[in-house]
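Take this structure, written in structure tokens, and hold onto it; I'll ask about it next.
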Protein chains: 2
Amino acid sequence: LLESKERLQQLALVPPVTPDGMMLELAANISTLKELDAVLRSGAHGIGLFRTEFLYMDRGRFPTEQEQYEVYREAAERLQGKPLIIRTLDIGGDKHLDYQEMPEEENPFLGFRAIRFSLSRKDLFKVQLRAILRASAHGNVQIMYPLIASVEEVREANGVLAEAKRELAAEGVPYREDVPTGIMIEVPAAVAIAELLAEEVSFFSIGTNDLIQFTLAVDRMNEQISHMYEPFHPAVLRMLRAVVEAASSRGVRVGVCGELAGDVRAIPIWLGLGIQELSLSSQAILPVKEAVLRTFAQESRGLMEELFSLRIASAIRERLERFHSEAVLAEDIARP
Amino acid sequence: LLESKERLQQLALVPPVTPDGMMLELAANISTLKELDAVLRSGAHGIGLFRTEFLYMDRGRFPTEQEQYEVYREAAERLQGKPLIIRTLDIGGDKHLDYQEMPEEENPFLGFRAIRFSLSRKDLFKVQLRAILRASAHGNVQIMYPLIASVEEVREANGVLAEAKRELAAEGVPYREDVPTGIMIEVPAAVAIAELLAEEVSFFSIGTNDLIQFTLAVDRMNEQISHMYEPFHPAVLRMLRAVVEAASSRGVRVGVCGELAGDVRAIPIWLGLGIQELSLSSQAILPVKEAVLRTFAQESRGLMEELFSLRIASAIRERLERFHSEAVLAEDIARP
Ligand SMILES: [Mg+2]
Ligand SMILES: [Mg+2]
């Protein structure tokens, strides 16, 4: 086990490129600055998802602009030019703040959450955007909006961002004027209108956890039906493909965050569809990289064609598992 | 008002055909036999959705096969050969039975509902299917499964149906061997794999209420966000189109039930996409028929092209309202 840990650690500086030359960037998900050491050690491409909720849950009141700025700035500086994608507040659903009363909801996952909360409290939203903008003067900061379901929401959020920029400019506070903005693709509507959303933003990050829940109408926390939460459902593959197709013709980068990104069985899906980046927990980065180094993009594309001909999730899962054991694990067995 | 009621009643026997000859069948949604009089008076094509929940909610225990059979048979007989689509039990979500304990759920809409319950209680499911099959000897009975999210579920449900048929055959009880089976399309996954589901069934019925809720991740009962429940969202139009395209090449009929079917502003959507049937509350049938009689299918197809170029729901809604007032209401104004 130790030996394999050491072997993996040697991969930290190796670029995540398939034997036939396709790059799959591996970034990290973090919730706190404490995780940055492990991220940097793993050789991550950057932070693909900084979950800012924890900044808000850590205290008895909303964090001030200055408090947020200091955290975002430290992350930006320590990443030394590597991307830092900061997701704006994603509360509601199963995440709550002690100090902010939220409505009692029959179906919180289909409720008042994430960007919906932010757009209803533009005062708080602007505080966060100002803090992120100020940090953008200190590194490669990017902004990501969660739970986007319409073009209007993106425009409204970008409207608040523009206002925050105007204020900072008037105050003479430095920020990066062209800070990239992107969205989570995690609501089925966003998949269906990906072609329209692609005109509004620089990047998409597919949030597989929520996307799969909504797509299958399955709350994965619900014991009675959690077995129906099936990442390898043929509908999920089709939605991933639709997002990539809509984005690629418009020059929009597509990444994947969510648990599925850390599942080594899914690697040929990303390579086969042309996903450009995964964002993972830092412990998953090296194992996933090891698998990327052993997986041919060309074979992955062929596999995807096969997968799209399969009708049921178990067949897709089994085919991926067979591919994984042939393409990836086989090398371990061959090792002397 | 009375005059307009009488005018509408005269349309009961007029076929629902556009001025340029496209037929849009108008069937009714019912929950009880009591509603049949009004349905027959409206000149409905048949019953597009018999919600059987009420049979189960009406008493302190599950209804017996005989109790169900008598209800289904009476409906079939009174319809005299017109279609009777019986939806199998659709409980869970916000509908519960006093005598059946259901799990406490955080998100019941994404929970243990509908076909998921039926497939977990095949004993009860088979009782219902046997009752429906027995009624199929007395009219044009068809079976519809709710909340289908996968090919496996259809096959599993059809497996129970085949078993019920074998039992009845062995008992010498008459039923229609080729009773058509169809599914509700109301889970986004079903839209994404409509091409696969079309191989398994005779018809689709798009359940707009749930489909829109899942697609937008909006519980429409949730006051805080119910304004986001937007039937004219561009994602909804795209999903409707995807279903029709997948079905039409495979000879599968597509109908629409759900509230949107009763909205006269939506008529050019159905005509423009090539939807073959709507299922409505019986009071909506004649007003919708009147609008169908005044709407050109050709113009509707042109309008759809325009709608697919619009990016936000309010623009789509306004364009449909303008079309409605020009195509449908204009005739009222012209009336002497
Ligand atoms: Mg999410
Ligand atoms: Mg439903």
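Table: residues versus (1) aromatic (F, W, Y); (2) assigned to a loop (DSSP other than H, G, I, E, B); (3) free of Cβ contacts under 8 Å to residues at least 12 places away in the same chain.
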{"position": "B:A76", "(1), (2), (3)": "no, no, no"}
{"position": "B:G81", "(1), (2), (3)": "no, yes, no"}
{"position": "B:I85", "(1), (2), (3)": "no, no, no"}
{"position": "B:L89", "(1), (2), (3)": "no, yes, no"}
{"position": "B:E104", "(1), (2), (3)": "no, yes, yes"}
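Any residue at all in segment B:242-257 that is at pLDDT below 95, part of a loop (DSSP other than H, G, I, E, B) and within 17 Å of the chain's Cα centre (by Cα)?
No, segment B:242-257 contains no residue that is at pLDDT below 95, part of a loop (DSSP other than H, G, I, E, B) and within 17 Å of the chain's Cα centre (by Cα).
Looking at A:T208 and the list (1) open to solvent by less than 10 Å² (accessible area, probe 1.4 Å); (2) within 12 Å of another protein chain (Cβ to nearest Cβ); (3) of a type in the set (V, I, T), which single condition is not satisfied?
(2)
So, in segment A:8-18, of the ones that are within 20 Å of A:D263 (Cα to Cα) and open to solvent by 70 Å² or more (accessible area, probe 1.4 Å), which residue ends up farthest from the chain's Cα centre (by Cα)?
So the residue we want is A:Q9.
Next question. Considering only segment A:106-128, state which residues are open to solvent by 10 Å² or more (accessible area, probe 1.4 Å), within 7 Å of chain B (Cβ to nearest Cβ) and part of a helix (DSSP H, G or I).
Once the filter is applied, which keeps residues that are open to solvent by 10 Å² or more (accessible area, probe 1.4 Å), within 7 Å of chain B (Cβ to nearest Cβ) and part of a helix (DSSP H, G or I), segment A:106-128 yields A:P108, A:F109, A:R116.
Which one of the conditions (1) more than 24 Å from B:R51 (Cβ to Cβ); (2) surrounded by fewer than 24 Cβ atoms within 10 Å (Cβ to Cβ); (3) within 14 Å of chain A (Cβ to nearest Cβ); (4) without any contact (Cβ under 8 Å) to a residue 12 or more places away in the chain does B:A217 fail to meet, given that it meets all the rest?
Tallying (1) more than 24 Å from B:R51 (Cβ to Cβ); (2) surrounded by fewer than 24 Cβ atoms within 10 Å (Cβ to Cβ); (3) within 14 Å of chain A (Cβ to nearest Cβ); (4) without any contact (Cβ under 8 Å) to a residue 12 or more places away in the chain, B:A217 fails exactly one: (2).
I'd like to know if segment A:144-161 contains one or more residues that are of a type in the set (F, W, Y), within 16 Å of ligand 1 (Cβ to nearest atom) and either touching a Ser or Thr at 6+ places or on another chain (Cβ under 9 Å) or open to solvent by less than 10 Å² (accessible area, probe 1.4 Å) (or both). Please lay out each step first, then the result.
Start the filter on segment A:144-161 by keeping residues that are of a type in the set (F, W, Y), which leaves A:145.
Next, only the ones that are within 16 Å of ligand 1 (Cβ to nearest atom) stay: A:145.
Next, from what is left, pick out any that are either touching a Ser or Thr at 6+ places or on another chain (Cβ under 9 Å) or open to solvent by less than 10 Å² (accessible area, probe 1.4 Å) (or both): A:145.
Within segment A:144-161 (the criterion being of a type in the set (F, W, Y), within 16 Å of ligand 1 (Cβ to nearest atom) and either touching a Ser or Thr at 6+ places or on another chain (Cβ under 9 Å) or open to solvent by less than 10 Å² (accessible area, probe 1.4 Å) (or both)), the answer is yes, since at least one residue qualifies.
Scan A:T32, A:T52 and give me the residue that is hydroxyl-bearing (S, T, Y) and open to solvent by 10 Å² or more (accessible area, probe 1.4 Å).
None of the other options fit; the residue is A:T32.
Just to be sure I understand the filter: pairs with C-beta atoms under 8 Å, separated by 6 or more residues or on different chains, first member in segment B:248-274 and over 13 Å from B:G48 (Cα atoms), second member basic (K, R). Which pairs pass?
B:R265/B:R317; B:L271/B:R301; B:G272/B:R301; B:L273/B:R241
For A:E290, state whether it is assigned to a helix (DSSP H, G or I) and open to solvent by 50 Å² or more (accessible area, probe 1.4 Å). Before the answer, list the steps.
Numbers: assigned to a helix (DSSP H, G or I): yes; open to solvent by 50 Å² or more (accessible area, probe 1.4 Å): no.
Judged against the criteria, A:E290 is not a match.
Could I ask something else about it? Could you give me the residue pairs with C-beta distances under 6 Å whose first residue belongs to segment A:137-163 and is modelled with pLDDT of 95 or more, whose second residue is of a type outside the set (S, T, Y) and within 16 Å of ligand 2 (Cβ to nearest atom) wherever it lies, and which are 6+ apart or on separate chains?
Within 6 Å, the pairs are A:A149/B:L216.
Please work out which one of (1) surrounded by fewer than 23 Cβ atoms within 10 Å (Cβ to Cβ); (2) out of contact with any His (no Cβ under 7 Å at 6 or more places or on another chain) is the condition B:A266 fails and give its number.
Exception for B:A266: condition (1).
In addition: Among the residues of segment B:242-254, count how many are under 27 Å from B:E290 (Cβ atoms), open to solvent by less than 10 Å² (accessible area, probe 1.4 Å) and more than 12 Å from chain A (Cβ to nearest Cβ).
Qualifying residue count for the region: 1.
Something else: Within segment B:266-281, is even one residue within 16 Å of ligand 2 (Cβ to nearest atom) and in a loop (DSSP other than H, G, I, E, B)?
Yes.
How many residues are more than 14 Å from every other protein chain (Cβ to nearest Cβ) and away from ligand 1 (no atom under 16 Å from the Cβ) when one looks only at segment A:162-202?
Residues flagged as more than 14 Å from every other protein chain (Cβ to nearest Cβ) and away from ligand 1 (no atom under 16 Å from the Cβ) within segment A:162-202 amount to 21.
Identify all residues within segment A:91-102 that are more than 17 Å from the chain's Cα centre (by Cα) and either in a strand (DSSP E or B) or not aromatic (F, W, Y) (or both); write none if there are none.
A:G92, A:G93, A:D94, A:K95, A:H96, A:L97, A:D98, A:Q100, A:E101, A:M102
With the requirement that a residue be assigned to a helix (DSSP H, G or I) and either surrounded by fewer than 19 Cβ atoms within 10 Å (Cβ to Cβ) or away from ligand 2 (no atom under 16 Å from the Cβ) (or both), what does segment A:173-200 give you?
The answer is A:A189, A:A190, A:V191, A:A192, A:A194, A:E195, A:L196, A:L197.
Next question, about the same structure. Being open to solvent by 10 Å² or more (accessible area, probe 1.4 Å) and either in contact (Cβ under 8 Å) with a residue 24 or more places away in the chain or in contact with a His (Cβ under 9 Å, 6 or more places away or on another chain) (or both) narrows it down to one residue among A:E223, A:E321, A:E306; which is it?
A:E321
Kindly provide the set of residues from segment A:10-58 that are among the charged types (D, E, K, R) and free of Cβ contacts under 8 Å to residues at least 12 places away in the same chain, ordered by number.
A:K34, A:D37, A:D58
Which one is farthest from the other protein chains (Cβ to nearest Cβ), of the residues in segment B:225-241 that are hydrophobic (A, V, I, L, M, F, W, C) and outside any helix (DSSP H, G or I)?
Filtering first and then ranking leaves B:F232.
Check whether at least one residue in segment A:91-99 is crowded, with 18+ Cβ neighbours inside 10 Å and acidic (D, E), and report yes or no.
Scanning segment A:91-99 turns up no residue that is crowded, with 18+ Cβ neighbours inside 10 Å and acidic (D, E).
Here's another thing I want to ask about it. For residues that are within 14 Å of another protein chain (Cβ to nearest Cβ) and hydrophobic (A, V, I, L, M, F, W, C), scanning just segment A:136-152, find the one that is farthest from the chain's Cα centre (by Cα).
In this case the residue turns out to be A:V151.
Only residues that are in a loop (DSSP other than H, G, I, E, B), in contact with a helix residue (DSSP H, G or I) (Cβ under 6 Å, 6 or more places away or on another chain) and of a type in the set (A, V, I, L, M, F, W, C): list them for segment A:201-224, please.
A:A217, A:V218
Please work out if B:L79 is open to solvent by less than 50 Å² (accessible area, probe 1.4 Å), within 30 Å of B:A297 (Cβ to Cβ) and modelled with pLDDT under 95.
Judged against the criteria, B:L79 is not a match.
Of everything in segment A:212-247 that's of a type in the set (F, W, Y) and touching a Lys or Arg at 6+ places or on another chain (Cβ under 6 Å), which residue is nearest to B:F214 (Cα to Cα)?
Top of the filtered list is A:Y229.
The values are calculated or read from the model by the stated rules, or taken from the named source; none is laboratory data. Fair warning: this is a prediction, and the values are worked out from it, not measured in the lab. Every residue, glycine as well, gets a Cβ built from its backbone with ideal geometry; the counts of neighbours run over all protein chains shown. Each accessible area value is taken on the protein alone, full model and side chains, heavy atoms only, with ligands, DNA and RNA left out. Shrake-Rupley method; radii C 1.70, N 1.55, O 1.52, S 1.80 Å.
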